[in-house]
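As structure tokens, the structure follows; a few thoughts come after it.
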Amino acid sequence: MDGQPSGSGEIRLVNVTKTFGDMDAVKSIDLVIPHGSYCCLVGPSGCGKTTILRMIAGHETPTSGEIHIGEQMVVGLKPVQRGTAMMFQSYALFPHLSVLDNVAFYLKMRDVAKAERRQRAREMLERVQLDHLAERMPAMLSGGQQQRVALARALITNPRVLLLDEPLSALDEFLRLRMRGELKSLQNELGITFVHVTHTQPEAIALADMVVVMDHGRIDQADTARHIFSRPATPYVARFMGGQNVLSGIVTETSGGVLAIADASGPTYAASASGTMPAVGTPMSFVVRRDRIALTKGASAAAGEVNAVNGRVIATEYQGTYVKVTLDVASREAFVANIGDDTYFADPLRVGDEVTARWATADVHVLERADTGAAIDPYAEDAA
């Protein structure tokens with residue numbers, strides 16, 4: 001491996017802080033990324049995700065704390081000594097070198113003989129299906145092809161960890177979806193650890209074994225993609241990752257493992273509790289997935305009916321397989337229902353229509369923290 005350490009690609013961050021001037025870009029982070037996993041760091045601009053990536057790579061030094069890769073504490077080591085490779089957002093290809101020589105460049109820097117490095121570069125280009133373009137210059141390639149060259153160049157050193165800084169952001173939607181699949185397939189084939197920074201929620205959900213949601217230099221939740229989406233821990237994660245409606249109220253009754261929650265604006269809700277039952281009077285927030293909402297025309301929610309809110313349609317957006325219907329309800333934020341396209345077009349809604357949204361108690365997920373009402377960064381708007 002040309003002098004690089006071998007072994008586990010597990011990454012451990014222990015109480016890591018990075019300060020720039022009087023600003024903490026990363027605050028007391030503890031994180032374990034298992035060997036061979038695909039981990040996505042996701043969050044709005046300025047949340048610290050790229051700073052973490054650069055500290056793992058060795059391009060930034062933590063102000064305090066430890067970073068381990070496998071059994072090795074890597075703080076203070078040069079990037080080349082860490083067994084990592086980094087793929088930059090801009091791809092950073094050398095315009096005066098052919099595709100083949102771009103891929104072979106890092107081997108040349110390590111004094112690998114010309115014949116060997118060119119042979120290994122050709123093998124790597126075959127892996128990313130670009131061997132037929134080996135003699136072309138970067139300017140002659142499409143954006144997707146340039147990305148694959150950058151990927152091949154990063155992988156040619158046989159790293160145990162590949163670090164990707166928003167690698168799909170420069171691609172159009174069609175290429176982004178295609179390359180997303182290719183990245184996941186390649187990671188499965190290689191079996192090494194991928195750490196991928198993105199601000200795009202669907203990208204993180206589609207790719208990652210482990211999603212780390214960040215906010216203002218801290219980790220708000222780290223879990224599997226399914227749990228992050230379906231069982232968020234906090235209102236921030238629920239709103240940032242999208243696909244959920246966040247509601248709040250005060251616990252008024254606990255009976256048989258079910259919480260009764262009253263909203264100050266009038267509606268009452270029921271939610272199944274897990275673990276210790278909260279006391280009556282406890283503020284409580286919960287989420288309901290947008291695709292679990294049923295809509296009926298007319299403001300028909302009766303007084304005392306649980307898990308039902310009256311609202312007025314303020315927007316509809318056709319999304320292909322469903323229609324996103326946004327309602328103005330008696331709460332602090334808009335309420336969204338994703339209605340299957342066949343169901344919606346059988347009886348379409350118009351802006352201004354009065355409707356009732358209903359959902360089942362089984363579809364309610366209680367959050368670990370109550371809503372503080374904190375504003376969400378505009379970059380955190382979801383794509384769902």
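The values are calculated or read from the model by the stated rules, or taken from the named source; none is laboratory data. Just so it is clear, the model here is predicted, and its values are computed rather than measured. With ideal geometry, Cβ positions are generated from the backbone for all residues, glycine too; neighbour counts draw on all protein chains shown.
If only residues of the range 50-98 that are of a type in the set (Val, Ile, Thr) and in a helix (DSSP H, G or I) are counted, the one that is nearest to Ile192 (Cα to Cα) is Ile56.
Would you confirm whether or not the range 40-49 contains a residue that is crowded, with 20+ Cβ neighbours inside 10 Å, under 30 Å from Arg110 (Cβ atoms) and of a type in the set (A, V, I, L, M)? Looking through the range 40-49, at least one residue is crowded, with 20+ Cβ neighbours inside 10 Å, under 30 Å from Arg110 (Cβ atoms) and of a type in the set (A, V, I, L, M).
Could you tell me which residue of the range 127-165 is surrounded by the most Cβ atoms within 10 Å (Cβ to Cβ), considering only residues that are in a helix (DSSP H, G or I) and of a type in the set (D, E, K, R)? So the residue we want is Arg153. Residues that are of a type in the set (A, V, I, L, M, F, W, C) and under 28 Å from the mean Cα position of the chain (by Cα) number at least 1 in the following strands (runs of 3 or more DSSP E) confined to the range 207-286: 210-215, 218-223, 244-255, 268-272. Evaluating Ala299 against the criteria (1) assigned by TED's automatic domain parsing to the domain that holds Asp347; (2) in contact with a helix residue (DSSP H, G or I) (Cβ under 9 Å, 6 or more places away or on another chain); (3) not in a strand (DSSP E or B) leaves one unmet condition, (2).
Can Leu177 be described as surrounded by fewer than 20 Cβ atoms within 10 Å (Cβ to Cβ), at pLDDT 90 or above and not aromatic (Phe, Trp, Tyr)? Considered against the rule, which asks whether it is surrounded by fewer than 20 Cβ atoms within 10 Å (Cβ to Cβ), at pLDDT 90 or above and not aromatic (Phe, Trp, Tyr), Leu177 comes out as no. Pro232 meets the stated requirement of being crowded, with 18+ Cβ neighbours inside 10 Å, touching a helix residue (DSSP H, G or I) at 6+ places or on another chain (Cβ under 7 Å) and within 16 Å of Asp363 (Cβ to Cβ).
Tell me, yes or no, whether the range 241-254 has at least one residue that is crowded, with 19+ Cβ neighbours inside 10 Å, of a type in the set (Ser, Thr, Tyr) and either in the same structural domain as Val309 (by TED's automatic domain parsing) or without any contact (Cβ under 8 Å) to a residue 60 or more places away in the chain (or both). Yes, some residue in the range 241-254 is crowded, with 19+ Cβ neighbours inside 10 Å, of a type in the set (Ser, Thr, Tyr) and either in the same structural domain as Val309 (by TED's automatic domain parsing) or without any contact (Cβ under 8 Å) to a residue 60 or more places away in the chain (or both). Here the range 75-88 is the region considered, the condition is being in contact with a helix residue (DSSP H, G or I) (Cβ under 9 Å, 6 or more places away or on another chain) and surrounded by fewer than 18 Cβ atoms within 10 Å (Cβ to Cβ), and the residue that is farthest from Glu135 (Cα to Cα) is Val75.
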